[in-house]
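Trainee: After the structure tokens below, expect a handful of questions from me.
The values are calculated or read from the model by the stated rules, or taken from the named source; none is laboratory data. Remember, it's a predicted structure, so these values are computed and weren't measured experimentally. Note: ideal-geometry Cβ built from the backbone for every residue, glycine included; neighbour counts use all protein chains shown. All accessible areas refer to the heavy atoms of the entire protein, side chains included, with ligands and DNA or RNA removed. Shrake-Rupley method; radii C 1.70, N 1.55, O 1.52, S 1.80 Å.
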Amino acid sequence: MRTDPPGPVRTGTLFSVFATAVLSMLLLGDGLAINLLLIAVPAALAAYFASPTAGSRPDAWSLTWAVGGLGLLIVPALRDAGWPSFLAIVSAVALGSLALHGCRTWLGIVLSPIGLFDAVWKGTVWGWRGMRERGGSARGAGPAMRAVAMTAALLLVFGALFAGADAAFADLLSDLIPEISLAWVPLHLLFLVVGAVGALAAAHVAASPLRWDRLVVKPGRARGRMEWALPLIVLNALFGAFNAVQLAVLFGGYDTVRDRTGLSYSAYARQGFWQLLLATLLTLLVIVFALRWAPRGGARDRSLVRAVLGTLCALTLVVVASAVRRMDMYVEAYGLTRLRISVVAVELWLGVIILLIMAAGIWGARWLPRAVAASAAAGVLAFGLLSPDAMIAERNVHRYEDTGKFDLDYARQLSADAIPALDKLPEPQRSCAIKSIADGLGPKGGPWYAMSLGESRARRIIEERPPSAHWGLCAEERADVSYR
């Protein structure tokens, strides 16, 4: 799987690694927001400049993965909530590994992140060797990097002197340049090392990627038509019967649910959502093994496989719609939470995968692994941009306006993204919901590069209308309106 060793480190790669290390040292440590994107851009450039040593420029898919990975890092810059930001960062690393390796198969897409860890030590040695080769030369990167280091030292010395001489100039520098105290110097030096090592690892992979696509999984033994098709046809019949009941009950309204089951709308929804989610996951597993053991005798076998699995996929889409409808009913009764919005997002993504499998049955499956990866990344990006905490707060505020029921304890656990929606509540509910979030933000915001747009908006609302309710009143309100 290994390609030839990478060639010499290019000058552009070294400068990009240096920029990544310096930005990591200056911008990390105060939080995660736009600083992640600012650090990732020179790291991506380091890999781009190193890619010609692998023998070719990045192709269209690699550039798409790279742009998508950088785009995912917009989410921490916009949202204060940690959980969608975490998903976005993990997905950005995964897309970055795909951009570096250029994988196309299922195994390649799954295993490509391992290549980044494999290159940590090799990339560091490769970069150090390149620095030593250029350091003693009269031309190339050595003199240029020494000039950059000298420039940084002069700016540091004279900038400190001018800041001490003029208060206005000092304020300008404090807004633009991070303040680094002596106590935090070891941590910032660690960030410098991490940034340099990470950028070198990415560049090394781009220069000498592991060819994960060369790993081949042998196809399973083809089964006879009867042995393969009979269990799936019976399963399709079971799906059809279940879906007929679902269409009659779920979309028939409250009276139909009560008459058929004797349960309330919310109880009926809570009864089956998780089973339907598991059924969707198991259906995908069935499709995987069915394709592995499918008969491969000729055109008639291909038509049989498409007909049986196409029917199963179509029926599974109805199961997906039923699960989403059940969760919508449950939210109407009990409100929206992070878990509920997350599982609905996963269920919708599973529905997209089923649609992609149906399309692959018509037009071929070479593009399917990359399409599934792209759909996952697009889903994570959309999830972060839609701001789930804000959606939760807005939905529950509307529910309070309609029913007078509001889970105050849960609202206090949301992030600053929820404050614009919670600000619409009447007093004292507004102050009781916002106060805990405001206390968690603290009196002073972080630097511009470590503050998300959600936190900035929340601080502006809190400054304009500070929470006014005291603890005793909030305790009474909690007893009155808390509802689960």
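Trainee: How much of the accessible area of the stretch 392-469, in percent, comes from carbon and sulfur atoms when a 1.4 Å probe is used?
Mentor: Exposed carbon and sulfur together represent 49 percent of the surface.
Trainee: What is the gain in length, in nm to one decimal, between A333 and E133 on full extension, counting 0.36 nm per residue of separation less the C-alpha to C-alpha distance?
Mentor: 65.1 nm
Trainee: Also, I was wondering about something else. Roughly speaking, what is the centre-to-centre gap between the stretch 406-435 and the stretch 292-306 when only Cα atoms are used, to the nearest Å?
Mentor: Taking the Cα centre of each part, the stretch 406-435 and the stretch 292-306 sit 57 Å apart.
Trainee: While we're on this one: How much length, in nm to one decimal, is gained on full extension between W83 and L107, taken as 0.36 nm per residue of separation minus their Cα-Cα distance?
Mentor: Gain in length upon complete extension: 5.9 nm.
Trainee: Sticking with this one: What FRET efficiency would be calculated for the residue pair R465, A378, taking the C-beta separation as r and a Förster radius of 35 Å, to the nearest 0.05?
Mentor: 0.45
Trainee: Per residue, how much accessible area does the stretch 272-358 show when a 1.4 Å probe rolls over the protein heavy atoms, in square angstrom?
Mentor: Each residue of the stretch 272-358 exposes 45 Å² on average to a 1.4 Å probe.
Trainee: Residues in the stretch 271-310, backbone N under 11 Å from the label point at R325 (7 Å along the Cα-to-beta-carbon vector): list them, ranges by number please.
Mentor: Label zone hits: none.
Trainee: Right, next: Roughly what would the spin-label model give for K405 and I114, points 7 Å off Cα along C-beta, in nm?
Mentor: Placing both labels 7 Å along Cα→Cβ, they lie 4.9 nm apart.
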